[in-house]
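Undergrad: Dropping the structure in here first, questions after.
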Amino acid sequence: IKKYKQKKMLNTVILISILILGTFTHSNRKCGHDSKEMQDHYQKMQETYEEIEKSTHKQRILQTNSEAESIRITIDYSTIDKVGLGITQQQKNYLINIMEASKLYFQKLLKVYPLKGNNIFPRGWSPECLQVQVPQNDQIVGVPNSDLHLYVIYTKQNSGMLANAGFCAMADVGIPRPTYGRVNFNLSNMFKFGGDPEVFENDLETTVHEILHVLGFSGSAMYYWIDPDTGKPYGPNNKEKLQKIKIYRGKQTALLTSKNVLEVTRKYYNCPTAEGMQIENEGGAGSFGSHWERTVIYNEMMTGASVSTDSVFSIFTIALLKDTGFYPEVNENMADDIFWGKGKGCDFLENACKSTTEYPEYPKKYNENQCSFEYDGIGIGRPDQFADGCAIVSPYSNRLCTNPNSVLDKNQKLQEQDKLSNYSTQSKCFQSTAVKSSSQYIYSDLFRCHQFKCSPDAFQIIVIFPESQLQVICEKEDQGLKKDIDKTGQKVIGQITCPQDYKRFCNYTPICPNFCSEKGVCVKGQCICPAGFGGVDCSIKCSGVVDNATCIGSSCPSGKFLNPDNTCKQDCPLGLFGRAGKCELCDANCSRCTGPSANECTRCQFMTFLQGNQCVDNCNQNQGFSPNYTLGICQTQLSKTCKGNCETCEYDNSPLCNSCKKGFFLNGDNKECQSQCPLGYFENQQTQACEKLQLGCLQQNNSNTCSQCDTAKQFRLGLNGKCTLCKQYCSQCNPNNLSQCFVCEGSKLVSIDGSCVDKCPDSSYYSGIQKKCENCTIGCQQCNESQCNKCLDDHYINYNNKGCTKCSSKFSQCISCDENQCGNTGQACSQGCKLCSFGKCVQCQDSYYLDYVSKQCVSCSSKFSNCLTCMDNICNQCTTGFSYDLKLKQCQKIPDTGGNTGQACSQGCKLCSFGKCVQCQDSYYLDYVSKQCVSCSSKFSNCLTCMDNICNQCTTGFSYDLKLKQCQKIPDTGGNTGQACSQGCKLCSFGKCVQCQDSYYLDYVSKQCVSCSSKFSNCLTCMDNICNQCTTGFSYDLKLKQCQKIPDTGGNTGQACSQGCKLCSFGKCVQCQDSYYLDYVSKQCVSCSSKFSNCLTCMEQYMPLMYNW
């Protein structure tokens, strides 16, 4: 846990966000695939396979005349059906949902030559499938409609494993690919079982990871991979043919050298001499050997342990699946974009963080908060267990910007709102000092999560502050520069730094809406929904198709195509094309196609080239073609004789273009290159092609997003980059009533009236099932899905039905009531009690404390001699001449030598405890390591008062220079830039004031000090938006924002401040005394000693639940 001291500056409170360093995901959630148990299992399998092959004396026929079809995965849940024997019904349902979603994922990813007849467990193999006894029926009859049969079991191990999986039988005819396997979930490491879509998405990624091991991503499975040179399994020689051993970063590292993996590695890293892709060389049993090396491809799905950010299914794993020889088709369109090390060359691949070149993947500073490489969260740089000692920034689970449920703690939520932080699927990490102008606190942390939107060409980033209705525009030339958020300072104070790498920031695969609602799977930012569900987040139950968020018949209206999320849209996502009212897959080699057939390609996959409208592995050099690796096309010399503005064409002297010269765009309808595209199309600068504008779009620069909508027809630009007729903040609405929203943008919620709001209004709550605000029961003011938490004034909570019941009419004077019908019983409070209810005291007078058992007030003097004010276990203030001793828990007479423990404080110390200094004298600062006071003059010459890193006040004739960090002699002309500090300024630099004197506040626009009295009458000290201390007889009123005369009864609302409070307003505390901290929910001060033993000063602390997978 990282702790900070609380200090005072500018006579207000500095509030520093405390990040709780819960265990990072990858440090305790490991994959158990290569454990000793699994290795022994695979060794026996290889021996069995060799015996079977010898005994049958047959030559396998690997070729097949059947067509490839989507893999059929069947699942046996019989083991987890035994609810009550270590597993609950909720846990069982959760595991089934994960497995069914995984099955859907692999149906879209892989094609196999289907097994003929039932999938029968092959003879000769051990009928014990990794702790599962294979049923007799599976051995004799087999499983129908199955290419891979999986047994699901569970355990409760006290280990770092979340799940492991393996195969236990290979097909006995045709290609020897896995046909039976087992998946084992460790329930002890699964903390939620439904209700949190982001957690479900993480567990789903882990399950997909494990099933990939079953499907062949395994060092042990390489034995059965098909050698393209022989057409047979590699067998015992697999390591000699598939792996090389090299020394990288001082560690022996295995390289996978298979054909597709080698080509992808060379192209991705821009390293033509690479000899293969690195396999994990650390982690011990469970990770070593069957995973990608995390150092060079950190967030790939198949690294050795899960990461706290979203993992990426990349072209590397696609290439490996192809190299197994098991799968005739692998859908490359399901590969996500990845940027870790991309194009960085051989030096990055071989040396990584050990290189003399600094790479942004590895942070320069350790143990400091910063944005992750993907900008998706805030964490610290520290050595990673699987990264060869390289430091990597892994986000805290409660600082993951892309997760709307990242912040769970109430106090933390209030702080994040104060700092304008926004957690949503449209948010990322920025270096930022944003804080509300109305805030009473100053925060020391320099990073925030903010909502954003990128321009289609990634040349502009707009940072959005919805609550303040402000935005900051970062242009391409602003990369790395700081920009004011609100130049007026009226709504927001602080600056934001534009990201260093716009391409990396903007081009990451977007997160699916609501993480597909625990039903579908997310592929490239779009949900693939199972049968019976639809909508952008798969949340709409529908046996037909979904059009405009409404379930309709079995087909889409004319002009629309059925998308993978079971919705009707006017276009199809990348990798699919529209035909006969449906979106159909492009050919496996195409990343984009136009139709009417699947193999009419306009762009190819990572390792193929576009030649004409076909994707080929190699360009036909006999026909004069050569590869253009940048564009991914085959160029030909014949283009010199092409007609018009063609760069390449169909044939010599052809008018039909395949690609265009610079400045021209290919019209796919007539194959001509034009300087301007026809009406209804836009010029795509990346593909140099004419593409159809989205509905309602006037200007578009790429295939995904619009930059200008047709406002004349009431279209506006949504956060997803699409044009919509829906009202502001709404992404999907009722076409017959545009004010009725179905799905809101960002973190907005659908309110009762169909509008989009930041939070549900009173008497309503957010329903995770309905995905909108729902009404509370009658009489309830605040509730959740299960019960009412607060009733209206004339109602009380009925604990029998968890609703609200109206107060009895017999209490005619009752305004608010409780379960005993009314709080005012007409009885006088007991002695020492300030506020009571039903004969029980709720709050005591100053010199008393509340006994929580008897609910009576007990005099402080009866428990602590020489004590003025106290709590039940500590004296807060002793009488004059006495000081509280934390060890003896009594007020002790202060010795003449000083100090509150009988020992004199060390030199320069103002307040000490047990030999350690807590507060220094003015001309000293506190060293947090030694807990001793160090003279300002020893660090800064000519300095009177200081902090550990800055001199606050120089001696006469000197002024502090912020750049040089020293007190510099003021020239005769005055000031450290030739000018004296302006009136009211305590510390200035280069003509601008940095710190004002006590009775002034700093105007952030003019950088000048303004007198408190000019803004607040009867005010002594202030900030720009609040008076911190009023003159005697006056108290600050937060509503009126003025110092008001205190009534004779005391306090600014007629009541004195509560115990431990230094500044209060309307009965709620704003600032606490030194030995107290402010609870943001109750607005009351809580004693430090009640939460921390032997503590003098403290802050609030919070420790939200960490979810790791």
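Undergrad: Given (1) over 14 Å from Gln370 (Cβ atoms); (2) crowded, with 20+ Cβ neighbours inside 10 Å; (3) not aromatic (Phe, Trp, Tyr), identify the lone condition not met by Ser437.
TA: Answer for Ser437: the failing condition is (2).
Undergrad: If you don't mind, there's one more thing I want to ask. Please go through the range 826-857 and pick out each residue that is β-branched (Val, Ile, Thr) and either modelled with pLDDT of 70 or more or more than 16 Å from Gln1059 (Cβ to Cβ) (or both).
TA: Val853
Undergrad: Here's a follow-up. Given the options Ser1006, Ser1058, Ser1017, name the one that is at pLDDT 80 or above, among the small types (Gly, Ala, Ser) and part of a loop (DSSP other than H, G, I, E, B). Don't jump to the end; show me each part of the working.
TA: On the way: Ser1006 fails: at pLDDT 80 or above; Ser1058 fails: at pLDDT 80 or above.
On inspection, the qualifying residue turns out to be Ser1017.
Quick grid of which residues meet (1) farther than 28 Å from Val435 by Cα; (2) within 19 Å of the chain's Cα centre (by Cα); (3) assigned to a loop (DSSP other than H, G, I, E, B); (4) not hydrophobic (A, V, I, L, M, F, W, C):
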| site | (1), (2), (3), (4) |
| --- | --- |
| Gln500 | no, no, yes, yes |
| Arg504 | no, yes, no, yes |
| Ile511 | no, yes, yes, no |
| Ser517 | yes, yes, no, yes |
| Cys522 | yes, yes, no, no |
| Cys527 | yes, yes, no, no |
| Ala531 | yes, no, yes, no |
| Asp537 | yes, yes, yes, yes |
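Undergrad: Take the range 160-212 and flag every residue that is without any contact (Cβ under 8 Å) to a residue 60 or more places away in the chain and surrounded by fewer than 19 Cβ atoms within 10 Å (Cβ to Cβ).
TA: Ser188
Undergrad: A follow-up question, please. Taking interchain pairs and intrachain pairs at least six residues apart, which have beta carbon atoms under 9 angstrom, with the first residue in the range 128-154 and exposed (fewer than 15 other Cβ atoms within 10 Å of the Cβ) and the second basic (Lys, Arg) and at pLDDT 95 or above?
TA: If the second residue must be basic (Lys, Arg) and at pLDDT 95 or above, the pairs left are Gln131/Arg182; Asn145/Arg72.
Undergrad: Taking interchain pairs and intrachain pairs at least six residues apart, which have beta carbon atoms under 9 angstrom, with the first residue in the range 290-312 and on the phi > 0 side of the Ramachandran plot and buried (at least 24 other Cβ atoms within 10 Å of the Cβ) and the second modelled with pLDDT of 90 or more and part of a loop (DSSP other than H, G, I, E, B)?
TA: From the range 290-312, no pairs qualify.
Undergrad: Only one residue in Gly881, Gly902 is surrounded by fewer than 16 Cβ atoms within 10 Å (Cβ to Cβ), at pLDDT below 65, of a type outside the set (Asp, Glu) and at positive phi, so which one is that?
TA: Gly902
Undergrad: Could you identify the single residue in Arg182, Arg123 that is in contact with a Leu (Cβ under 6 Å, 6 or more places away or on another chain) and not in a helix (DSSP H, G or I)?
TA: So the residue among Arg182, Arg123 that is in contact with a Leu (Cβ under 6 Å, 6 or more places away or on another chain) and not in a helix (DSSP H, G or I) is Arg182.
Undergrad: Take the residues of the range 692-704 that are in contact with a Ser or Thr (Cβ under 8 Å, 6 or more places away or on another chain) and farther than 14 Å from Gln570 by Cα: which is surrounded by the most Cβ atoms within 10 Å (Cβ to Cβ)?
TA: Step by step, filter the range 692-704, then rank; the result is Gln700.
Undergrad: State which residue is modelled with the highest pLDDT when the search covers only the range 627-638 and only residues that are surrounded by fewer than 16 Cβ atoms within 10 Å (Cβ to Cβ) and within 24 Å of Asn684 (Cβ to Cβ).
TA: Ranking the candidates gives Tyr629 first.
Residue-by-condition table, conditions (1) touching a helix residue (DSSP H, G or I) at 6+ places or on another chain (Cβ under 9 Å); (2) assigned to a strand (DSSP E or B); (3) not assigned by TED's automatic domain parsing to the domain that holds Val264:
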site	(1), (2), (3)
Gly559	no, no, yes
Pro564	yes, no, yes
Phe577	no, yes, yes
Met607	yes, no, yes
Lys643	no, no, yes
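Undergrad: If you scan the range 443-488, which residues turn out to be surrounded by 15 or more Cβ atoms within 10 Å (Cβ to Cβ), in a strand (DSSP E or B) and either under 21 Å from the mean Cα position of the chain (by Cα) or touching a residue at least 60 places away in the same chain (Cβ under 8 Å) (or both)?
TA: Hits for the range 443-488 are Phe447, Arg448, Cys449, His450, Gln451, Phe452, Lys453, Cys454, Ile461, Val463, Ile464, Phe465.
Undergrad: When residues of the range 346-401 are filtered for being modelled with pLDDT of 85 or more, among the polar types (S, T, N, Q) and either buried (at least 24 other Cβ atoms within 10 Å of the Cβ) or not in a loop (DSSP other than H, G, I, E, B) (or both), how many remain?
TA: 5
Undergrad: Okay, moving on. Quickly run through the range 566-620 and pick out the residues that are aliphatic (A, V, I, L, M) and either touching a residue at least 12 places away in the same chain (Cβ under 8 Å) or farther than 15 Å from Cys556 by Cα (or both).
TA: Initially, the range 566-620 is screened for residues aliphatic (A, V, I, L, M), giving 574, 576, 580, 585, 588, 598, 607, 610, 616.
Correct list: Leu574, Leu576, Leu585, Ala588, Ala598, Met607, Leu610, Val616.
Undergrad: Continuing with this model, one more query. Among the residues in the range 233-250, are any surrounded by fewer than 23 Cβ atoms within 10 Å (Cβ to Cβ), among the polar types (S, T, N, Q) and outside the structural domain of Glu300 (by TED's automatic domain parsing)?
TA: No, because not a single residue in the range 233-250 is surrounded by fewer than 23 Cβ atoms within 10 Å (Cβ to Cβ), among the polar types (S, T, N, Q) and outside the structural domain of Glu300 (by TED's automatic domain parsing).
Undergrad: Follow-up. Taking Val616 as meeting all but one of (1) under 19 Å from Leu656 (Cβ atoms); (2) crowded, with 19+ Cβ neighbours inside 10 Å; (3) of a type in the set (Val, Ile, Thr); (4) at pLDDT 85 or above, write down the number of the exception.
TA: Every listed condition holds for Val616 apart from (2).
Undergrad: Here is a further query. Would you mind stating whether Phe326 is within 19 Å of Val208 (Cα to Cα) and of a type in the set (Phe, Trp, Tyr)? Working first, answer last.
TA: Numbers: within 19 Å of Val208 (Cα to Cα): yes; of a type in the set (Phe, Trp, Tyr): yes.
The answer is yes for Phe326.
Undergrad: Hey, any hits in the range 667-679 for a residue that's within 25 Å of Gln570 (Cβ to Cβ), surrounded by 12 or more Cβ atoms within 10 Å (Cβ to Cβ), of a type in the set (Gly, Ala, Ser) and in the same structural domain as Gln570 (by TED's automatic domain parsing)?
TA: Yes, that holds for at least one residue.
Undergrad: Let me ask something else. Kindly provide the set of residues from the range 475-530 that are of a type in the set (Val, Ile, Thr) and out of contact with any Pro (no Cβ under 8 Å at 6 or more places or on another chain), ordered by number.
TA: Result: Ile485, Thr488, Val492, Ile493, Ile496, Thr497, Thr509, Ile511, Val521.
Undergrad: On the given criteria, is Ile14 out of contact with any Pro (no Cβ under 6 Å at 6 or more places or on another chain), modelled with pLDDT of 90 or more and β-branched (Val, Ile, Thr)?
TA: no
Residue-wise test of (1) closer than 14 Å to Arg266 by Cβ; (2) assigned by TED's automatic domain parsing to the domain that holds Lys428; (3) among the acidic types (Asp, Glu); (4) touching a strand residue (DSSP E or B) at 6+ places or on another chain (Cβ under 6 Å).
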residue: Phe313; (1), (2), (3), (4): no, no, no, no
residue: Ile318; (1), (2), (3), (4): no, no, no, yes
residue: Lys322; (1), (2), (3), (4): no, no, no, yes
residue: Tyr327; (1), (2), (3), (4): no, no, no, yes
residue: Glu332; (1), (2), (3), (4): no, no, yes, no
residue: Asp336; (1), (2), (3), (4): no, no, yes, yes
residue: Lys342; (1), (2), (3), (4): yes, no, no, no
residue: Gly345; (1), (2), (3), (4): yes, no, no, no
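Undergrad: Which residue, of Lys428, Lys413, is within 30 Å of Lys759 (Cβ to Cβ), free of Cβ contacts under 8 Å to residues at least 12 places away in the same chain and not in a loop (DSSP other than H, G, I, E, B)? Let's see the steps before the verdict.
TA: Numbers: Lys428 fails: free of Cβ contacts under 8 Å to residues at least 12 places away in the same chain.
Matching residue, one of Lys428, Lys413: Lys413.
Undergrad: Considering only the range 199-212, I want to know if a residue exists there that is within 19 Å of Ser258 (Cβ to Cβ), not acidic (Asp, Glu) and not in a strand (DSSP E or B). Working first, answer last.
TA: Within the range 199-212, the subset within 19 Å of Ser258 (Cβ to Cβ) is 212.
In the following step, the residues that additionally are not acidic (Asp, Glu) were identified as 212.
From what is left, the residues that are not in a strand (DSSP E or B) are 212.
Checked the range 199-212: at least one residue is within 19 Å of Ser258 (Cβ to Cβ), not acidic (Asp, Glu) and not in a strand (DSSP E or B).
The values are calculated or read from the model by the stated rules, or taken from the named source; none is laboratory data. Everything quoted here is computed from the prediction, not taken from an experiment. A quick note on method: Cβ atoms are made from the backbone with ideal geometry, for glycine too, and the neighbour counts reach across all protein chains shown.
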